[in-house]
1. With in contact with a strand residue (DSSP E or B) (Cβ under 7 Å, 6 or more places away or on another chain), charged (D, E, K, R) and over 17 Å from ALA162 (Cα atoms) as the only criterion, which of LYS131, LYS112, LYS75, LYS122 stands out?
2. Hey, could you check the range 1-51 for residues that are crowded, with 16+ Cβ neighbours inside 10 Å and under 30 Å from GLU232 (Cβ atoms) and say which is farthest from the chain's Cα centre (by Cα)?
3. Mind counting the residues in the range 78-98 that are closer than 21 Å to GLU115 by Cβ and among the charged types (D, E, K, R)?
4. Select, from GLU64, GLU50, the only residue that is of a type outside the set (S, T, N, Q), at pLDDT below 95 and not in a helix (DSSP H, G or I).
5. May I ask you to verify whether SER250 is buried (at least 20 other Cβ atoms within 10 Å of the Cβ), touching a residue at least 24 places away in the same chain (Cβ under 8 Å) and at negative phi?
6. Looking only at the range 240-260, filter to residues that are under 14 Å from ALA84 (Cβ atoms) and among the β-branched types (Val, Ile, Thr); which one of those is farthest from the chain's Cα centre (by Cα)?
7. For the range 107-136, what are the residues that are part of a loop (DSSP other than H, G, I, E, B), of a type outside the set (Val, Ile, Thr) and exposed (fewer than 13 other Cβ atoms within 10 Å of the Cβ)?
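The values are calculated or read from the model by the stated rules, or taken from the named source; none is laboratory data. These numbers were taken from a predicted model, which means no experiment stands behind them. Glycine also receives a Cβ, built like all others from the backbone with ideal geometry; neighbour counts cover every protein chain displayed.
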Amino acid sequence: MAGTKEIKKRISSVKNIKKITHTMEMVAAAKSRRMMNRVQGAKPYGEKMEEILAGLEHLAGTVESPLVDRKDNPKKYLLLVVTANRGLCGGYNSNVLKLARFRILELQNQGKEVEVQVIGKKGASYFRFIKVPVAQTYLDIDDAFSLDQSHRLGKYLMDRFASGGCDAVEVISTVYYNSATQLPEVKQMLPIGQESSTERPTLHPSGKTKEESAEKKEEGYRQNMIFQPDPETIIEKLLPHLVQTVLFRSILEAVTAEQIYRRVAMKAANDAAGDMNKSLTQLYNRKRQASITQELAEIVSGADAIA
C-alpha cells in the first residue's frame, strides 16, 4: 500500500488537475453562452427564410435552378462531417463519427459512391485511422468561425453539386435543440426539398397534416403578399441563400453543442477530482493516524522496558 508521502503527492496532483478542469469548465460555460446567443440571433432569419420558401413551395416545379435538380436514383453522395478540432468534450465527437460511419456503410451497401469531407481535426484523424479516404479537410472552423467562412464553403458545395460533381450533399452534425438536448443527425442540404418528398405525414400543432398546413400557408402568401418581381424569380434568387443559411446554422449549432458537451465533461471531471481528493485525504489521515499510534506504542513499550 502507498505510503503517506506518495498519497500526499497524489493529493497535490489531483488538486492541480481540479484547478485545470474547473478553469476549462468556466471557459466552456462562457463560450457556450456566447454561442447560444448566436444561435438564437440567427434563428429568426432562418425561420423566416424557411417560411417564405414554404409559402412558395408550390412554384418549385417552375424554377429553373440546378439546386433543385432531383435525380431519381442518385449515385454520388458528398458527406460533410462536422467534428471538433479538440477533444475533452465527452461523447460529442464519437457520437457524430459513429453516425457518419453508419451512414457511409449504409450508402455503400446500396451501391452508392461516397465522398467524405470533414470539418475538424478529430474527424480527420478518425477517418485516417479507419482508412476511409477524406477528400477535403477544414481545420479553420471553430467557435470563432465567421459568416464569410460558411459562405465560401457553401458556395464550393453548391458549385460541386451544380457541376455534376455529386448528386446529393448531406451534412452530418450535432443539432442544437436546447441547452439540455443536442443530437447528431444527417441533414440533406442539396438538392433542396428532396427530403420532403419522402417524409411521413406528420401532424401540425393545429391538428392538420404537414401538407394541409403548407397549403394553408401558400394560400395566405398568395392573398396577403404582392410579389415584385414575379414569385418564380424570387424563389430562384432565394435558393442559394437558403443553402447558405442551412449550412451556417448547422455549423453554428454543432460548435454550440461542442461547447456544451465540453462544459458538461469538465464539470464531471471537476466533480470526480473533488471526490478523489476527498477519498485520498481520508486515506492520508488514516495512514497518518496509524503511523502516530504506532509511534506512541513504540515509545510506551520502550519506556516500560527501561522501567
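1. On the way: LYS131 fails: in contact with a strand residue (DSSP E or B) (Cβ under 7 Å, 6 or more places away or on another chain); LYS75 fails: over 17 Å from ALA162 (Cα atoms); LYS122 fails: in contact with a strand residue (DSSP E or B) (Cβ under 7 Å, 6 or more places away or on another chain).
Testing whether each residue is in contact with a strand residue (DSSP E or B) (Cβ under 7 Å, 6 or more places away or on another chain), charged (D, E, K, R) and over 17 Å from ALA162 (Cα atoms) leaves just LYS112.
2. Among those that are crowded, with 16+ Cβ neighbours inside 10 Å and under 30 Å from GLU232 (Cβ atoms), it is MET49.
3. 1
4. After ruling out the rest, the residue left standing is GLU64.
5. On the way: buried (at least 20 other Cβ atoms within 10 Å of the Cβ): yes; touching a residue at least 24 places away in the same chain (Cβ under 8 Å): yes; at negative phi: yes.
It is true that SER250 is buried (at least 20 other Cβ atoms within 10 Å of the Cβ), touching a residue at least 24 places away in the same chain (Cβ under 8 Å) and at negative phi.
6. ILE260
7. If the condition is that a residue be part of a loop (DSSP other than H, G, I, E, B), of a type outside the set (Val, Ile, Thr) and exposed (fewer than 13 other Cβ atoms within 10 Å of the Cβ), then GLN110, GLY111, LYS131, PRO133, ALA135 are the ones that fit.
For (1) buried (at least 16 other Cβ atoms within 10 Å of the Cβ); (2) modelled with pLDDT under 80; (3) closer than 30 Å to LEU147 by Cα, each residue gets a yes or a no:
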residue: PRO205; (1), (2), (3): no, yes, no
residue: GLU211; (1), (2), (3): no, yes, no
residue: VAL243; (1), (2), (3): yes, no, yes
residue: VAL264; (1), (2), (3): yes, no, yes
residue: ALA269; (1), (2), (3): yes, no, no
residue: ASP275; (1), (2), (3): no, no, no
residue: GLN282; (1), (2), (3): no, no, no
residue: ILE292; (1), (2), (3): no, no, no
